[in-house]
Amino acid sequence: LRSDLLTSSRLKDARACARLHHLRYNLGYRPVVSADTLRFGTLVHLGLEAWWLAPQGERLEAALAALEGAEVDVYEVARARVMLRGYDARWGSAQYEVLGVEVPFVTELRNPATGAASRTWRLAGKVDAIVRDLSTGLVMLVEHKTSGEDITPGGEYWRRLRMDSQISVYVEGARSLGFEVDGCVYDVLGKPRHKPLKATPMESRKVTRTGELYSGQRAFDETPEEFEARLTEAVAASPSAYFVRGEVVRLEEDMRDALFDIWQTGQAIRESELQGRHPRNSDACTRYGRTCPFFAACSGEASLEGNPDFVVLEDMHPELSDVPAAAQREEATP
Ligand code: SF4
């Protein structure tokens, strides 16, 4: 069962909590139901994959078509449609030659001190897109993220990317495929926080003398169409709060630092395996506003064995298989 592939999701879990890594990558447990934020990220990613694959002029249509039939809450689909339309309006005119979309790779993990390939680990992943910027001639990775964080340019979100290992892993991967990548076009889509409006509860309703509800009170729940229209207006009024694109460069010293980080994480995973010990890290149980799906198991309140809320995977990296990558999309935070 053991996989020798280090993906950026795996590295992220290993850095957060050794028990989390063990449960997911050694034992193969995955929760059956994903959180709402993941569903939004998944939908947007699915649409963007189609957007980048389609010829210029047909992109928005392709992106929206990719959402059709998605078995997800209709309001989440409405939210994703608004974001895809906004993305197309904001970035549709940028001139890129698309060299590949959802490009998988598996490559050696090199010891940054000696240059020798690891005999324990390989690096793997799937790059959202590889493009040539027609205005500069540079070859760039494209990475999309949805985020509920403040994505203002120059803010903490962007400063953290300077040391984000995912970009470095993808640069290594793209180079192993023969693409001389110069950096990464990093697209962040801020998740609108708006929620569908609900009908005012009967007991709280107040009517005017003419029999109409007070302003701000509603007789009916907002329909998905109304929600989509309201959201479109909000996003159009402030596109720079929802669509931010930055170019992240990777200098050789950045790559070297990142490889040291990855190498050490690989060593720590191996050490845990050899010791048969996978310590819990209670500081990581709540991240990005969500509680870890293994919380009940780790705190001794439930067992994972035979638990219907979990499946046990045989392939620890379904995101690398032919399953549409978006269906496996995980965190929205770098
Ligand atoms: S619940 Fe906490 S300790 Fe358990 S795997 Fe998740 S992060 Fe680790």
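The numbers here are math on the coordinates, done by the rules we state, and not lab data. As the structure is a prediction and not an experimental result, all values here were calculated from the model. Cβ sites come from the backbone with ideal geometry, for glycine too, and all protein chains shown count toward neighbours.
Structure summary
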{"read-out": "Total lysine pairs under 29 Å (Cα atoms) in the chain, excluding pairs fewer than 8 apart on one chain", "value": "9"}
{"read-out": "Amide H within-cut-off set for G183, under 5 Å, with H built and near neighbours excluded", "value": "L141"}
{"read-out": "Dipole moment magnitude, nearest 20 debye, the chain about Cα centre, only Lys, Arg, Asp, Glu C-beta charged", "value": "840"}
{"read-out": "Sites F260 and V207, calculated FRET efficiency, Cβ-Cβ separation with R0 51 Å, nearest 0.05", "value": "0.15"}
{"read-out": "Simple label model, 7 Å out from Cα along Cβ direction - A113 to L197, nm", "value": "6.3"}
{"read-out": "Area projected by the alpha carbon convex hull of region 208-252, averaged over all directions, nm²", "value": "5.6"}
{"read-out": "Scattering profile of region 185-334 at q = 0.09, 0.20 Å⁻¹ [log10 I(q)/I(0), Debye over alpha-carbon scatterers]", "value": "-0.63, -1.39"}
{"read-out": "Share of alpha-carbon pairs per 5 Å distance bin for region 158-220, given as whole %", "value": "3, 12, 14, 10, 8, 5, 5, 5, 6, 7, 8, 8, 5, 3, 1"}
{"read-out": "FRET efficiency estimate (nearest 0.05) - Cβ-Cβ, T152 to R175, R0 45 angstrom", "value": "0.90"}
{"read-out": "Of the chymotrypsin sites (Phe, Trp or Tyr not before Pro) in region 205-257, those whose Cβ has at most 16 other Cβ within 10 Å and which sit in DSSP loop", "value": "Y214, F220"}
{"read-out": "Charge-dipole axis of the chain as Lys and Arg at +1 and Asp and Glu at -1 on Cβ define it, positive-most pick from V185, H278, G266", "value": "H278"}
{"read-out": "Taking only Cα atoms of region 4-92, radius of gyration then Dmax in Å", "value": "16.5, 47"}
{"read-out": "Among Y87, Y25, T107 the positive-end extreme of the charge dipole of the chain (Cβ point charges)", "value": "Y25"}
{"read-out": "For N111, residues with placed amide H under 5 Å, excluding near neighbours", "value": "A116, A117, S118"}
{"read-out": "Kirkwood Rh and Cα Rg combined as Rg/Rh, the chain", "value": "1.01"}
{"read-out": "For L213, net neighbour charge (Lys/Arg +1, Asp/Glu -1) across residues whose Cβ lies under 15 Å away", "value": "+1"}
{"read-out": "Simple Cβ-charge dipole of region 208-253, Lys/Arg +1 and Asp/Glu -1, about Cα centre, in debye nearest 20", "value": "240"}
{"read-out": "Cα-projected label distance for T223 with V312, points at 7 Å along beta-carbon direction, nm", "value": "4.9"}
{"read-out": "Gyration tensor (Cα) of region 88-208, equivalent ellipsoid semi-axes in angstrom", "value": "40, 20, 14"}
{"read-out": "19 Å cut-off, amide nitrogen to a point 7 angstrom out along T120 Cα→Cβ, residues in region 258-295", "value": "258-280"}
{"read-out": "³J(HN,Hα) computed for each position of region 131-146 - Karplus, 6.51 cos²θ - 1.76 cosθ + 1.60, integer Hz, glycine/proline x", "value": "9, 10, 6, 6, 7, 10, x, 6, 8, 10, 7, 10, 10, 10, 9, 9"}
